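What follows is a set of notes on a single structure, which appears directly below.
The values are calculated or read from the model by the stated rules, or taken from the named source; none is laboratory data. All of these numbers come straight from a predicted model, not from anything done at the bench. Note: ideal-geometry Cβ built from the backbone for every residue, glycine included; neighbour counts use all protein chains shown. These accessible areas exclude ligands, DNA and RNA; they are computed on the full protein's heavy atoms, side chains included. Shrake-Rupley method; radii C 1.70, N 1.55, O 1.52, S 1.80 Å.
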Amino acid sequence: MNRTFKTIVILFLFLTLFSKAVVSDVYNVRYSVISNGSDAFIPLLILTYEPYCPPLSGINCANATTGEVLGGEEHLFYFNDSQLYILNFTPAFRALYPNYSTLLDQSLNGARFINGSWYLDLTFYPPMTHVHGIYLFNPKNLCIEPVNVSWLKLPRGKISDEINGWRIVLQSPSFQKWDYANVSDVWVTMSRKALKWSPRPTEVVNLSVFPIYFILKKEGHVKNITLVYLNMNVTRDDFVPPNTPVPGYWFPGDVKIVNVTVCKSAIATPENTTGRTNITSSNMINITKTPPSTRENKTLSLINATKPSTEETKKTICGPAFIILATTTGLLLKRHRN
């Protein structure tokens, strides 16, 4: 290896790993409380933005004027007014689609309560593919069943701004909609320098642990429902080995992660050669191949199911970073809501 080539390699690594070392990220967290008046679905999307300053581009990250998505994760909560659940769809997905062993992510496109039943418009993301369908959700058994309906032809259903008489108050109301429900849109950072390149107006906070929540109000009483805690101390240094990755966010300890299964009335059959899956006679599922570059690098969430202890939290805040390795372009393309 000649000296010139060595110099180029060293320069590239320096620009890639260290040029963003002192630049804090911006977090965009969106959620919606889709309520029927007694219970609710809460889709939560966490996006991480960084300054746009590609290696060898000549753009100094400290002087960047635009931002780009570094990665993101989406989670779906179910709230029955007494317990907050995170829904893990992997068991149901594997049962419905046995040809796929891995579920990288899922997205809730909409949720409607019609004639006493929840209908979910879901897209599943196994590697290099996405599977879209409409499903009935059974809250009692925490199971889903594919159904043959057109989402565009479904009525709006029952949408409420209350849960059992408690009025829903979003953390940061916006003009966006998740299907028909209002969306909270939070943009936060710990660095004032990030205001120069952040895509949207962003709040500078001095909290190393930042909560994402909504409020329930009733006759002067208030309930604070925390969905997730963000680790706000983020630098590029933590991407450099041998640092051990730590969660960039974690869920409260009282949140339960539950496995969603397939309802007994749905019987899975293997996929046919045309790429369409026959599950039941009433099923309508579309499976579409997508380029590897779009979803291939999507990773499972790097989080803890519970909030760390006080000692762990201090270590988390003082050093390691928010690491979510995810695709960027594909994640944005699927968000038709924006």
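Key figures for this structure:
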read-out	value
Rounded, prolate or oblate (a/c below 1.5 giving rounded, otherwise prolate when a/b exceeds b/c) for segment 16-133 by Cα gyration tensor	prolate
Carbon plus sulfur fraction of accessible area for segment 26-262, probe 1.4 Å, in percent	50
Residue-wise HN-Hα coupling along segment 150-159, computed from phi with Karplus coefficients 6.51, -1.76, 1.60 (Hz; x: Gly, Pro)	9, 4, 5, 9, 6, x, 4, x, 8, 10
Accessible area, probe 1.4 Å, largest first, for residues K158, K264, K153	K264, K153, K158
Exposure of H130 as accessible area (Å², to 10), given a probe of 1.4 Å and all protein chains	50
Ranked order, V26, V258, V204 - accessible area, probe 1.4 Å, largest first	V204, V258, V26
Inter-label distance for T261 and V209, nm, one decimal - labels placed 7 Å from Cα along Cα-to-Cβ	3.5
Candidate residues E73, E219: accessible-area rank, largest first, probe 1.4 Å	E219, E73
Mean accessible surface per residue for segment 26-262, computed with a 1.4 Å probe while every protein chain stays in place, in Å²	41
Residues with amide H under 5 Å from that of W178, placed H, sequence gap 5 or more	V183
Exceeding the 27 Å Cα-Cα cut-off - candidates K177/K264; K140/K223; K217/K264	K177/K264; K217/K264
Distance in nm between pseudo-label sites at T66 and W151 (7 Å out along the Cβ direction from Cα)	2.9
